[in-house]
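First up is the structure itself, then whatever we jot down about it.
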Amino acid sequence: MTTEPDATAPPRDYRLLVPRDWFRIDLTQERWRAQLKTFVDHQAEGKNVSADLRQETWAVLRNTAEAGVRTGALEFFLRPELEGGGVLPASLIVSLIPRTRGLSARDLQESLRAGSARSDGSSPEISTVVLPAGEAVRVLGPTTLDLYVQMPGGVGYLVLAFAVPLDGVAGPMRRLCESIAESLRWIL
């Protein structure tokens with residue numbers, strides 16, 4: 001006799017489908033800096049990319065990864081698109097935020113809304129959405145899309161933080177980011 005997995009139990013892991021050409025960096029391993037350097041060098045290889053641009057791109061991506069590691073990031077995905085004109089690649093950082101005191105998705109949405117006003121008077125679009133993996137809070141800005149997906153068992157949120165500095169999060173890139181988010185599944 002088989003039993004269904006307990007949907008209220010904390011997940012052991014997650015599965016996320018990311019396009020095959022996106023470069024994955026495991027931020028839980030010490031070798032992530034070397035992997036990031038390999039990505040930048042590989043993208044610049046055979047292209048008219050100056051050493052200064054290569055170094056600047058490496059520094060921005062390294063700083064992004066370091067900030068992510070400090071806040072619970074697990075993985076960093078980069079979409080290859082470094083060109084001679086110098087653009088930062090689209091990226092996805094997957095992070096774990098342990099939950100305390102029963103913070104619901106609606107409570108999180110209100111908390112994010114309260115702290116989202118920018119100095120220029122604009123603010124991101126914040127809403128609650130339902131994904132196959134569960135309820136999520138979506139924060140949509142001009143070049144970013146963050147999804148805080150509530151984990152089963154009340155253990156926290158898995159955050160999918162997309163950044164699309166060149167094209168912005170609109171049109172096909174927004175649909176791609178949303179498709180990646182919709183592929184999230186819990187391993188119970």
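The values are calculated or read from the model by the stated rules, or taken from the named source; none is laboratory data. Only a predicted model underlies this, so the values are computations on that prediction, with no experimental measurement involved. Every residue, glycine among them, receives a Cβ derived from its backbone with ideal geometry; neighbour counts consider all protein chains shown. Surface areas here come from the heavy atoms of the whole protein model, side chains and all, with no ligands, DNA or RNA. Shrake-Rupley method; radii C 1.70, N 1.55, O 1.52, S 1.80 Å.
For segment 70-89, which residues satisfy the criterion of being modelled with pLDDT of 90 or more and open to solvent by less than 60 Å² (accessible area, probe 1.4 Å)? Of everything in segment 70-89, those that are modelled with pLDDT of 90 or more and open to solvent by less than 60 Å² (accessible area, probe 1.4 Å) turn out to be G72, A73, L74, E75, F76, F77, L78. Against the conditions (1) over 19 Å from V18 (Cα atoms); (2) surrounded by fewer than 21 Cβ atoms within 10 Å (Cβ to Cβ); (3) modelled with pLDDT of 90 or more, G134 satisfies every one except (1).
Scanning segment 137-178 for residues being of a type in the set (A, V, I, L, M), open to solvent by 40 Å² or more (accessible area, probe 1.4 Å) and in contact (Cβ under 8 Å) with a residue 60 or more places away in the chain gives a total of 3.
Taken together, the residues in segment 149-175 that are among the aliphatic types (A, V, I, L, M) and in a loop (DSSP other than H, G, I, E, B) amount to 6. Looking only at segment 36-57, residues that are closer than 12 Å to P89 by Cβ and open to solvent by less than 60 Å² (accessible area, probe 1.4 Å) come to 6 in all.
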